[in-house]
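These notes are about the structure you will find just below.
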Amino acid sequence: KQEVTQIPAALSVPEGENLVLNCSFTDSAIYNLQWFRQDPGKGLTSLLLIQSSQREQTSGRLNASLDKSSGRSTLYIAASQPGDSATYLCAVTNNDMRFGAGTRLTVKP
Amino acid sequence: NAGVMQNPRHLVRRRGQEARLRCSPMKGHSHVYWYRQLPEEGLKFMVYLQKENIIDESGMPKERFSAEFPKEGPSILRIQQVVRGDSAAYFCASSPLEGGYSGNTIYFGEGSWLTVV
């Protein structure tokens, strides 16, 4: 059974810092991995989707990497802003999509 | 093209009542997924449906919970005789094909927040 773990559970940084969020999964036979953002009381917004054959994806200040063999992914956020404050979830897809518990990010002005 | 629509967005039920949550997938999407998010936890898979078929319900509690996706109309997640522990956010997602096999992005709705008092 696929288990997805996200570390750290919470992170607080000053504005402008570069930061890395970590995601690990136990079953490397995945089709893709996706990073989502969730604001309090809101739904999920897809940030980046990495297919199993890919190593990374970039969108603006976000860069996600995937190392399928070691069961790891990282989400790199450059030059963080207060507007980046949210919970970040990673999810891996085998036959269904399994989520980590998320990392709650606070970026202080 | 409207996104995944869920309603109601917020629902309050007394213990023992029934809760019905509705999900209209994106236009052209025939695959629907339901997830539950308990406070301070990640999303937990509940059920995966195609039109008129339940494909995978391995995440559904054995009692009181049921889901359907009829040929016409929205997908319904039904919780009978609700208890306080059912209080959670319930998210619906849809995809045009089997999201995993095709590598397609799965699109999420805004969620339905159920509070049992």
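The values are calculated or read from the model by the stated rules, or taken from the named source; none is laboratory data. Here the structure is a predicted model, which is why all the values come from computation and not from measurement. Cβ placement follows ideal geometry from the backbone for every residue including glycine, while neighbour counts extend to all protein chains displayed. Note: areas computed on protein heavy atoms with side chains; ligands, DNA, RNA excluded. Shrake-Rupley method; radii C 1.70, N 1.55, O 1.52, S 1.80 Å.
Nearest 100 Å² is fine: how much accessible area is buried between B and A, summed over both sides, with a 1.4 Å probe? All intermediate terms of the calculation are to be shown ahead of the outcome.
Values: alone 6740 and 5840 Å², together 10920 Å².
The buried area between B and A, both sides summed, comes to about 1700 Å².
Taking amide H as placed 1.01 Å from N in the peptide plane, the amide H of B:VAL47 sits under 5 Å from that of B:TRP34, each at least 5 places away or on another chain. A P(r) calculated from all alpha carbon pairs of the range A:8-69, with 10 Å bins opening at zero, reads 17, 47, 32, 4 percent. Counting Cβ atoms of other protein chains within 10 Å of each residue's Cβ and taking the mean over peptide B:24-37 gives 1.
Per residue and in cubic angstrom, what volume does the convex hull of the Cα atoms of chain A have?
Dividing the Cα hull volume of chain A by its residues yields 89 Å³.
Stick to the Cα atoms of the range B:1-53, pair each with every other, and give me the Kirkwood hydrodynamic radius in Å at one decimal. List each step's numbers first, then the result.
Values: mean 1/r = 0.0762 Å⁻¹.
Its Kirkwood hydrodynamic radius stands at 13.1 Å.
What the phi angles of the range A:69-83 give under the Karplus curve with 6.51, -1.76 and 1.60, with θ = phi - 60°, is a coupling list of 5, 9, x, 9, 9, 10, 10, 9, 10, 8, 6, 4, 10, x, x Hz, glycine and proline written as x.
Each Lys or Arg adds one and each Asp or Glu takes one away; over the other residues whose Cβ falls under 13 Å from the Cβ of B:VAL117, this sums to +3. Annotation: amide H of B:MET5 within the under-5 Å range of B:SER24, sequence separation 5 or more or interchain, hydrogens built in the peptide plane. Stick to Cα atoms and the Kirkwood definition of Rh, then tell me Rg/Rh for the range A:48-99. Rg divided by Rh gives 0.99.
Determine the alpha carbon to alpha carbon distance for each of A:LYS1/A:LYS68; A:LYS42/B:LYS44; A:LYS42/A:LYS68; A:LYS1/B:LYS71; A:LYS1/B:LYS62; A:LYS1/B:LYS27 and list only those over 28 Å. Spell out each step's value before the answer.
Details: A:LYS1/A:LYS68 16 Å; A:LYS42/B:LYS44 16 Å; A:LYS42/A:LYS68 30 Å; A:LYS1/B:LYS71 32 Å; A:LYS1/B:LYS62 19 Å; A:LYS1/B:LYS27 32 Å.
Flagged as over cut-off: A:LYS42/A:LYS68; A:LYS1/B:LYS71; A:LYS1/B:LYS27.
The H on the amide N of B:HIS31, modeled in the peptide plane, is under 5 Å from the matching H of B:SER95, each at least 5 residues off or on a different chain. Cα extents for the protein assembly as shown along the principal axes, largest to smallest and rounded to whole angstrom: 48, 37, 35.
How much of the accessible area of the protein assembly as shown, probe 1.4 Å, is carbon plus sulfur, in whole percent? Each step should come with its number before you reach the end.
Working: 5090 of 10920 Å².
The computed percentage sits at 47.
Note on A:SER59 and A:ARG72: their simple-model spin labels are 2.4 nm apart, each label 7 Å out from Cα toward Cβ. Length available on full extension from B:MET26 to B:LYS51: 0.36 nm per residue minus the Cα-Cα distance, which gives 7.7 nm.
Whenever you get a sec, line up B:SER87, A:SER28 from highest to lowest accessible area (probe 1.4 Å, protein heavy atoms). Write out the running numbers ahead of the final one.
Values: B:SER87 30, A:SER28 55 Å².
Highest to lowest solvent-accessible surface, that is A:SER28, B:SER87.
Net charge dipole, the protein assembly as shown: roughly 560 debye, given to the nearest 20, about the Cα centre with Cβ charges of +1 for Lys and Arg and -1 for Asp and Glu. Think of a 1.4 Å ball rolled over the protein heavy atoms: the protein assembly as shown then has 48 Å² of accessible area per residue. Using the empirical formula 2.2 N^0.38 Å as the baseline, the Cα radius of gyration of the range B:27-91 reaches a ratio of 1.13. Dimensions of chain B from C-alpha coordinates, computed as largest minus smallest value along each principal axis and given longest first, are 40, 27, 24 Å.
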